[in-house]
Amino acid sequence: MNSDTILEAHDLSKEFKGFVAVNQVNLRVKRGSIHALIGPNGAGKTTCFNLLTKFLAPSAGRIVFNGVDITADSPARVAKRGVIRSFQISAVFPHLSVLENVRVALQRRLGTSFHFWRPERSLHTLNERALELLDAVDLAPFAGITAVELSYGRKRALEIATTLACEPELMLLDEPTQGMGLEDVDRVRRLIKKVAAKRTVLMVEHNMSVVASIADTITVLQRGATLAEGSYAEVSADPAVIEAYMGSADAALQGAH
């Protein structure tokens, strides 16, 4: 593993009672890049994410992060190493303020999450950093409102802020624009590009216009196996990729040029 590579998967596989969800996937994520995993429904993208973050144990294969084999690590250990992920479902505390949501994430990083005996004012020392993070995702004006009042796109931005609070070296974003309108999609697309300036991003994404506009490298999965890899121009012109998508998805690939 050279210094340009932050994450590698070697022959990564996952079988569920005879069903092979991920089949000998090899993945190499370049440091400082935005790397997208795409593929038709059921291609194994989220399962692959769950393997890389150790929410699932692989049936076979190895995972290497920063030159260290993390295949046997727990999810918590992987997170402490700097691999932090988001999920498809919005995961904010709806009745806490936007600022408080980020402050909770900062507490986790500091190891004070379970210090229940401390008065609330002891957390005020985290406010400055929390506001910096909110400013980074264009949510500083919303710091005082409850998270439930945010639009869906801004909730996803808040999730990215809480992910950034954990100081990730590698961010894994699972369907960051799923279910969004065009305005929110563009906001989150610009946000991902912005936060990727100082770290590496690996993301699963269905929206081909987002992938085309920000991904440096794209890995295409089909039936749990790697079908193609390269730049958007390369994979969108690959006959095997076009055949795998067929019809509407094929049109989306071509239309995103």
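Identify, from the list Ala43, Ala36, Ala9, Ala21, the residue that is crowded, with 20+ Cβ neighbours inside 10 Å, of a type outside the set (D, E, K, R) and within 23 Å of Leu191 (Cα to Cα).
On the way: Ala43 fails: within 23 Å of Leu191 (Cα to Cα); Ala9 fails: within 23 Å of Leu191 (Cα to Cα); Ala21 fails: within 23 Å of Leu191 (Cα to Cα).
None of the other options fit; the residue is Ala36.
I need the full set of residues from the range 141-155 which are open to solvent by 10 Å² or more (accessible area, probe 1.4 Å) and either in contact with an Asp or Glu (Cβ under 6 Å, 6 or more places away or on another chain) or part of a helix (DSSP H, G or I) (or both), in order please.
Hits for the range 141-155 are Pro141, Phe142, Val148, Glu149, Tyr152, Arg154, Lys155.
Residues of the range 163-179 being open to solvent by less than 30 Å² (accessible area, probe 1.4 Å) and either assigned to a helix (DSSP H, G or I) or out of contact with any Asp or Glu (no Cβ under 8 Å at 6 or more places or on another chain) (or both), which ones?
Thr163, Leu164, Ala165, Cys166, Pro168, Leu170, Met171, Leu172, Asp174
Does the range 43-58 hold any residues that are touching a residue at least 60 places away in the same chain (Cβ under 8 Å) and farther than 16 Å from Val235 by Cβ, and which are they?
Residues satisfying the conditions are Gly44, Thr46, Thr47, Cys48, Phe49, Leu52, Thr53.
Which residue, of Asp73, Asp69, Asp11, Asp4, is under 23 Å from Ala244 (Cβ atoms) and acidic (Asp, Glu)?
The conditions single out Asp11.
Those residues that are under 24 Å from His206 (Cβ atoms) and free of Cβ contacts under 8 Å to residues at least 40 places away in the same chain, I need them from the range 1-42; list them, please.
Within the range 1-42, Phe16, Phe19, Arg28, Asn41 qualify.
Conditions first: (1) out of contact with any Gly (no Cβ under 9 Å at 6 or more places or on another chain); (2) closer than 14 Å to Lys45 by Cβ; (3) modelled with pLDDT of 90 or more. Val220 passes all but one, so which condition is the exception?
Unmet for Val220, out of (1) out of contact with any Gly (no Cβ under 9 Å at 6 or more places or on another chain); (2) closer than 14 Å to Lys45 by Cβ; (3) modelled with pLDDT of 90 or more: (1).
Within the range 57-90, how many residues turn out to be open to solvent by 30 Å² or more (accessible area, probe 1.4 Å), closer than 23 Å to Leu164 by Cα and hydrophobic (A, V, I, L, M, F, W, C)?
Counting residues in the range 57-90 that are open to solvent by 30 Å² or more (accessible area, probe 1.4 Å), closer than 23 Å to Leu164 by Cα and hydrophobic (A, V, I, L, M, F, W, C) gives 5.
Give the range 216-228 a look and list any residue that's in contact with a helix residue (DSSP H, G or I) (Cβ under 7 Å, 6 or more places away or on another chain) and buried (at least 23 other Cβ atoms within 10 Å of the Cβ), or say none. Give the derivation first.
To start, the set of residues in the range 216-228 that are in contact with a helix residue (DSSP H, G or I) (Cβ under 7 Å, 6 or more places away or on another chain) comprises 218, 220-222, 227-228.
Hits for the range 216-228 are Ile218, Val220, Leu221.
The values are calculated or read from the model by the stated rules, or taken from the named source; none is laboratory data. Model, not experiment: these values are computed from the prediction. No Cβ is skipped: glycine too gets one built from the backbone with ideal geometry, and neighbour counts run over all protein chains shown. Keep in mind that these areas ignore ligands, DNA and RNA; they rest on the heavy atoms of the full protein, side chains included. Shrake-Rupley method; radii C 1.70, N 1.55, O 1.52, S 1.80 Å.
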